[in-house]
Structures are given as C-alpha cells and as structure tokens.
Amino acid sequence: MDSTSKVGLKTNEEIIEELTRDLESSCRSADETSLSNDNNAKSNVKRSNLPDDFCEQVGENSDNDTKCKIQDTHTTDFPRDFVDEELLKDRELTLSESEKETFRDEAEKLKNEGNNLFKNGEYIQAISIYTQGIQICPLGYSKERSILYANRAAAKSKSLDKESAISDCTKAIELNPSYLKALVRRAQLYEETDKLDEALEDFKKVLTYDSSHTEANYAVRRLPPLIHERNEKLKEEMFGKLKDLGNMVLKPFGLSTNNFQLQKDPDSSSYSVKFHQNPS
C-alpha cells in the first residue's frame, strides 16, 4: 500500500511545509521584538543624555544669568561618556550668543574641576566631569571642546580604557587638527595597543607641525624596525598555518607540502611552484 494513503500520517512534503511555516512565524516574531527594543533604546537615549529642560533661566537680575542643569544619566545601550551631538545642535538653535558664552564658561569650570580630579588620581570622576563639560560646551567652540576630549582621553588612558581614549584623541584632532598634545597622546596610545603603523603615521604628522619634537624624531627611527620585525613574524605564522592546512588536504593523496617548492624568479620577483615526487 502507498505510504501516503495511511490515515493520520503526513507526507515528507507536508511535514517540511509545516516546519517551514513555523520557522517563518518564529523569525517574524523575533524581528518584531528586536525592532521594538531598538526603538525603545533610541527613545531612551534622546530622553536621557540631555533632558528637554537642559537649561533654565534663573535669577531676576538684569543680566539674566543662565544656569545649566547637569544630570548624571546613561542607558544600558550607550556608554556613560556618550555625547549626542545631534541633540546638542537642536539645543543650540534656541540659544543666544550670550547664553552660548555662559555655557562655554561653565564648561571651562568643569574642565578645571576635572583637571583637579585628574591630578589627585581620581580618573573615573574626572572622566564624568569632562563628559559633562563636553555636553555643555557649545559646538561652535571647537578648541575648547577639543581640549575637553583630549583631557578625557588622558583620564581614560590612566584608567586603562585605551581604545576609548584613542577615540577621544581622534575627536580632539578632528576639532583641532594642529593639536600636537592630542596627536602625540594618540600616537603613544596606538603604540601601547600594538598599532605600530598608526603610531608611526601620527608621529610623522607631529613632525610636520614641529620638526624638532624629540619624541617624534626618536619614534620615526625606532618604529620602522619594530614594524618590520612584527610583519616578518606575522608572515611566518601565516605560512605555518597555510602549510598545516595544505598538509591536511594533501594527506589523503599520500602527499605533503614538502612535495612542493616555491622558486622566486630574480627578474620578475614572481614565484613558481615545483613538484618533487620524493622530497629530501
């Protein structure tokens, strides 16, 4: 009797179709949940980084003093030092020049407070204060913002958050391309995190602004041999892995990579492969 005619039994095609239907339904449900979570996260960020009433006018004196509200807020989706510059742009649309100057002065005070914390070895607290300064300082004051980012990078490097410190140095350099202190600090951080090529490039840039810079002059002589040594080591490791892979593929045929030899053409610098049936 044909198997499909048995009562209560499903054909293979029916079973596959049912499983496929269930899988598609599950995927749609997961996608909808993920989208909902993403929207909630974005909404939280907009609310938390800089509140709608970020600044309020206080006092009744004629010069209409401005006081900036600082809130220590963060979400689980973004780091504590996240700065939403799009939100800062929106905020500044309603600010007068005098209000911007007041915010700049407030950011300067926070920078000095962060510097004192840094000197006392309180690096985590300093990072928080520098972040508040960055959130307050108007975007038009590029030099002041670059210093805040560079100082926060210094505090991060001391607290061993070097990758994030590199990002802050990069931001400081974007705001002020000739900022030597930030450029040197990023070069040092690159070297400390084994990014030697990037470190060398930064030290070379330092010399374009200050040809007598002692550390940069020493670095551009010291780093090339280290880069060459590292590259040779990486090359050896790569060839070793390729050889192991080749031996695994050739083993069923009774061969190994020893049966093949690379020969370099001195004229064209290209390579050819020579096969040896019985390698020595």
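Structure notes:
- Positions within segment 115-140 being aromatic (Phe, Trp, Tyr) and either open to solvent by 60 Å² or more (accessible area, probe 1.4 Å) or under 21 Å from Ser96 (Cβ atoms) (or both), in sequence order: Tyr123
- Unmet criterion (only one of (1) touching a residue at least 12 places away in the same chain (Cβ under 8 Å); (2) surrounded by fewer than 21 Cβ atoms within 10 Å (Cβ to Cβ)) for Glu97: (1)
- For the criterion of being out of contact with any helix residue (DSSP H, G or I) (no Cβ under 6 Å at 6 or more places or on another chain) and among the aliphatic types (A, V, I, L, M), Ile166 fails.
- Test: residue in segment 223-239 that is closer than 30 Å to Arg145 by Cα and either at pLDDT 75 or above or outside any loop (DSSP other than H, G, I, E, B) (or both): no
- Taking residues in segment 260-277 that are closer than 18 Å to Asp244 by Cα, and partners anywhere that are at pLDDT 70 or above, the pairs with Cβ atoms closer than 6 Å and at least 6 places apart or on different chains are Gln261/Lys274.
- Residue count for segment 145-203 satisfying the condition of being open to solvent by 30 Å² or more (accessible area, probe 1.4 Å) and not hydroxyl-bearing (Ser, Thr, Tyr): 22.
- The combined condition, being open to solvent by 70 Å² or more (accessible area, probe 1.4 Å), free of Cβ contacts under 8 Å to residues at least 12 places away in the same chain and of a type in the set (Phe, Trp, Tyr), is fulfilled by Tyr218.
- For segment 205-220, filtered to residues that are assigned to a helix (DSSP H, G or I) and within 17 Å of Tyr179 (Cα to Cα), the residue that is farthest from the chain's Cα centre (by Cα) is Thr214.
The values are calculated or read from the model by the stated rules, or taken from the named source; none is laboratory data. The structure displayed is predicted, hence computed values, not measured ones. Methodologically, a virtual Cβ is constructed for each residue, glycine included, from the backbone with ideal geometry; neighbour enumeration extends over all protein chains shown. Please note that ligands, DNA and RNA were not included when accessible areas were found on the heavy atoms of the full protein model with its side chains. Shrake-Rupley method; radii C 1.70, N 1.55, O 1.52, S 1.80 Å.
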